[in-house]
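Take a look at the structure below.
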Amino acid sequence: MNPYAFGIITSIVIYLLIGSYAGRRVKDVDDYFVAGRDSSTLLIAGTLVASYLSTAAFLGETGFTYQGHGAILMILVGVNIVGYVLGAAFFGRYVRRSQAITVAEFFGKRFNSRRVQAAAGVTVIGGVTAYLLAVTQGASLAISEVMHIPYDVTLLIVWIGYTSFTIYSGSKGVVLTDTVMYLLFTFVGFLSLYYILDETGGWFATIESLAVYEAKPGIISWHGIVGSDSRWQTPFDSVGWGLVLGVAWAFTIAVSPWQSSRYLMAKNEHTVIRSACFASASVVVLYWALVVSAAAVNLLNPDIEPNEKAMIWAAFNAMPTYAGVLFMTGVVAAALSSASTFLSLIGFSATNDLVEIRQGDEHRKLRLSRYTMLAVGIVILIVAYFQPPAIMMISYFAATLFSSSWGPVAFMSVWSKRITADGAFWGIVVGFVGNLIPKILSVFEVIYLPVYLDPFVIGIVLSLITIILVSRNGRVTEEEHLYRMKVHQTPPAEYDPSLTAKTLWFAKGLMVCGAALTILMIVFYVLPYEHTVEHKADYLCLAQWFLS
């Protein structure tokens, strides 16, 4: 057995042991579904980042960067991390006050409607199942590359790995394993950056080489590679795509079930705000490391196919064995963390939001949730075997469904006095379908949509229009009004001055991180890039003058 395979198998065994430990601590529905509602800032931040990052980041998006679009990815990430803070401050902490088990249940309570809860539950199962498919395929491909065994075998290994500890331990296991995985893949992200830059001559030499890289002109320019051979013809198209998808992902991070449901597990509302600040800084800094690493791989090998294997190639060829082993275990960790979150969400939603079980029948609810996860897991296993992998495309498609179907309803459920239960129901349905249909038609090239008419934009506009029109012709009931007022009442315990002071430090830390990263980008990227490009232009002018 090669060391890479040994490292991955060992890590999976460790996650199973953690899941077993957590499973033995599950005593009731709250423990299983929302980790006892007592998780710390590190645990919530860890599960937020771990459920956000997956093989889409470590394989799909690094391949996207290797192809020449890293700057656009950083624009996208720079916009979307705003979703953490806005989501926590204007939605997540209010969801926590509801003491719901799922976010869909919060919608049901807020609008006093099982129909709204069921509609949200259906979108969870549909959208998250697609996302789970992409993550499962990504992890299986990565392990297949490492172990040199068939994809269908690694698919079974991955499936058994995340299904077993998720079914047994529920949210307690997911939160613990997510945090361990988050610490691991954050560490290996920077470790890989160190060794790749060491191979390419150091930071400044790498930036200067990429600035004038003739094989992929513009690979680290502010707009990435554009032109007839690129997916975007002009800088306006590429930057526009980054901004539009950044906004879509900001909504996704703010309200999607795999992000906002993490706040239901938080110890208090201060934990919600702190973990959002922590997660924002973690994501943007880690992406900065991944983008530079993946772009630099071009200087070592510009012909890696498919592009998604760029960082896998680097793990085998540009890092010492121990670092490569850690990187590959980090990739698998990112996949398993997301997979466990998605599978648990599907089981919880099917049990809690689609099936109405009488109060007090906790054992039946736990049993049904586990059976549902197993059934969905088997379906995912079968589909993943027959469906060709398309990691980044499926991930982006599934994730942004929630920005349009849940985004308007989520924020309006907290801040609007006029939204009705019917408006919320049809807003979810129309937003989901309004995103899904244009996306399918554009994928199959039936229609062509410009950047500013991304399916996310169509879906969210249709959802907003639907909510306004339907709510205008309806009436907000007294129960809905009173419940909204109830979630706006801050619990007395949250006013503790010592807790507030600590929370403010997290907010200040996020601002310092943003300012420091801006300065570092100017000093270590903008200035050396501009200096190199200007010197190349001077050289070309001199050469043209000499030849003439």
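The values are calculated or read from the model by the stated rules, or taken from the named source; none is laboratory data. Please read all numbers here as calculations on a predicted model, not as lab measurements. We place every Cβ from the backbone using ideal geometry, glycine too, and count neighbours over all the protein chains shown. Heads up: the accessible areas ignore ligands, DNA and RNA and are worked out on the full protein's heavy atoms, side chains in. Shrake-Rupley method; radii C 1.70, N 1.55, O 1.52, S 1.80 Å.
The table below lists the values:
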read-out	value
Evaluation of A5 against (1) open to solvent by 40 Å² or more (accessible area, probe 1.4 Å); (2) in contact with a helix residue (DSSP H, G or I) (Cβ under 8 Å, 6 or more places away or on another chain); (3) within 23 Å of G324 (Cα to Cα) (one fails), failing number	(1)
Counted residues, segment 451-466 - those being touching a residue at least 24 places away in the same chain (Cβ under 8 Å) and under 9 Å from P438 (Cβ atoms)	4
Matching residues in segment 42-78 - criterion: being closer than 25 Å to M511 by Cβ and open to solvent by 10 Å² or more (accessible area, probe 1.4 Å)	L42, L43, Y52, A71, M74, I75, G78
Qualifying residue in segment 340-347 (condition: under 15 Å from the mean Cα position of the chain (by Cα), assigned to a helix (DSSP H, G or I) and small (G, A, S))	yes
Number of positions in segment 212-225 that are buried (at least 17 other Cβ atoms within 10 Å of the Cβ) and within 30 Å of the chain's Cα centre (by Cα)	8
Residue tally, condition at pLDDT below 85 and at negative phi, over segment 22-51	13
Which numbered condition D178 fails, given (1) farther than 30 Å from V533 by Cβ; (2) among the charged types (D, E, K, R); (3) modelled with pLDDT of 90 or more	(3)
Residue pairs meeting the criteria (Cβ under 6 Å; at least 6 apart or on separate chains; first free of Cβ contacts under 8 Å to residues at least 40 places away in the same chain, in segment 14-38; second open to solvent by 40 Å² or more (accessible area, probe 1.4 Å))	none
Residue that is farthest from Q99 (Cα to Cα), among those in segment 226-279 that are of a type in the set (D, E) and open to solvent by 20 Å² or more (accessible area, probe 1.4 Å)	D229
Flag for F33 being over 30 Å from F411 (Cβ atoms), within 21 Å of the chain's Cα centre (by Cα) and buried (at least 24 other Cβ atoms within 10 Å of the Cβ)	no
Candidates S164, S144, S98 - the one that is surrounded by fewer than 24 Cβ atoms within 10 Å (Cβ to Cβ), of a type in the set (S, T, Y) and without any contact (Cβ under 8 Å) to a residue 24 or more places away in the chain	S144
Positions within segment 69-126 being in a helix (DSSP H, G or I), over 19 Å from G431 (Cα atoms) and polar (S, T, N, Q), in sequence order	N80
